[in-house]
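The values are calculated or read from the model by the stated rules, or taken from the named source; none is laboratory data. Here the structure is a predicted model, which means the values were calculated and not measured. Positions of Cβ are backbone-derived with ideal geometry, glycine not excepted, and every protein chain shown enters the neighbour counts.
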């Protein structure tokens with residue numbers, strides 16, 4: 001049994017009927033805030049129609065429950081949370097536009113990540129360490145549906161790993177707040193209460209994110225098919241590539257092209273509708 005999941009801010013009945021006709025689905029099932037079109041015959045035309053109607057779609061080839069998975073791995077900046085933390089830190093020293101431009105290039109895969117991160121962190125030299133607490137309290141906001149998704153994933157028994165090119169000052173707080181199982185991120189070097197403009201230890205880049213996933217996988221004894229990965233930028237592709245299911249969340253084009261599913265309109269809790 002296969003099915004097509006349709007979800008969005010508003011799913012209109014005429015759109016559902018047209019999608020059922022396009023896909024050759026046998027019946028339409030309401031699953032709360034989304035719809036499941038059963039036993040589709042073809043995928044042709046569905047993506048184009050959904051783009052025009054501003055709907056997210058997912059062809060699920062076989063029925064699975066969320067409990068069939070063991071591990072959820074997700075990026076932080078612009079995925080779990082709505083901001084790019086380093087851009088907001090740069091804003092506190094009046095250089096957000098400069099740093100955001102480099103961030104955007106790195107996320108599109110146009111420049112080498114490690115060098116881009118060093119350049120951006122260098123801008124923060126001299127910033128008072130207290131700015132990190134201020135950043136978290138004033139600017140860090142969870143993406144829509146994040147708490148509902150995490151609650152659902154936990155109920156299903158999955159472990160959660162947060163991987164980030166961002167900083168421990170934020171990931172550690174989120175780990176405590178949300179009850180996450182693992183985090184892997186970068187550490188900003190601090191001296192005499194000020195940021196030095198450098199990082200401590202090895203940079204958590206695309207390879208570091210992938211290694212964190214593989215480490216958690218091995219600890220849990222999970223298989224590739226039992227892992228879900230969510231990301232938005234080019235440096236997420238390596239860890240997403242070793243997961244059985246990957247979700248591009250409001251992502252760059254290079255990520256959307258390679259992910260199993262794309263969420264362009266719904267929140268993170270759209271994941272729960274795929275395996276309801």
Among the listed residues 204, 170, identify the single one that is in contact (Cβ under 8 Å) with a residue 40 or more places away in the chain, farther than 12 Å from residue 75 by Cβ and buried (at least 19 other Cβ atoms within 10 Å of the Cβ). 170
Of the residues 222, 253, 212, only one is at pLDDT below 95 and surrounded by fewer than 23 Cβ atoms within 10 Å (Cβ to Cβ); which? 253
Selection from the stretch 117-141 of residues buried (at least 18 other Cβ atoms within 10 Å of the Cβ) and either closer than 30 Å to residue 66 by Cα or without any contact (Cβ under 8 Å) to a residue 24 or more places away in the chain (or both) yields 140
Within the stretch 101-119, how many residues turn out to be modelled with pLDDT of 90 or more and touching a helix residue (DSSP H, G or I) at 6+ places or on another chain (Cβ under 9 Å)? 1
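From 174, 180, grab the single residue that is under 15 Å from the mean Cα position of the chain (by Cα), closer than 30 Å to residue 69 by Cα, in a helix (DSSP H, G or I) and modelled with pLDDT of 95 or more.
That would be 174, the only listed residue that is under 15 Å from the mean Cα position of the chain (by Cα), closer than 30 Å to residue 69 by Cα, in a helix (DSSP H, G or I) and modelled with pLDDT of 95 or more.
Just wondering, is there one or more residues in the stretch 257-274 that are within 23 Å of residue 120 (Cα to Cα) and touching a helix residue (DSSP H, G or I) at 6+ places or on another chain (Cβ under 6 Å)? Outline the logic, then answer.
So the first thing to find is which residues in the stretch 257-274 are within 23 Å of residue 120 (Cα to Cα), and the list is none.
Within the stretch 257-274, none of the residues are within 23 Å of residue 120 (Cα to Cα) and touching a helix residue (DSSP H, G or I) at 6+ places or on another chain (Cβ under 6 Å).
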Residue 155 versus (1) within 30 Å of residue 34 (Cα to Cα); (2) crowded, with 22+ Cβ neighbours inside 10 Å: which is the lone unmet condition? (2)
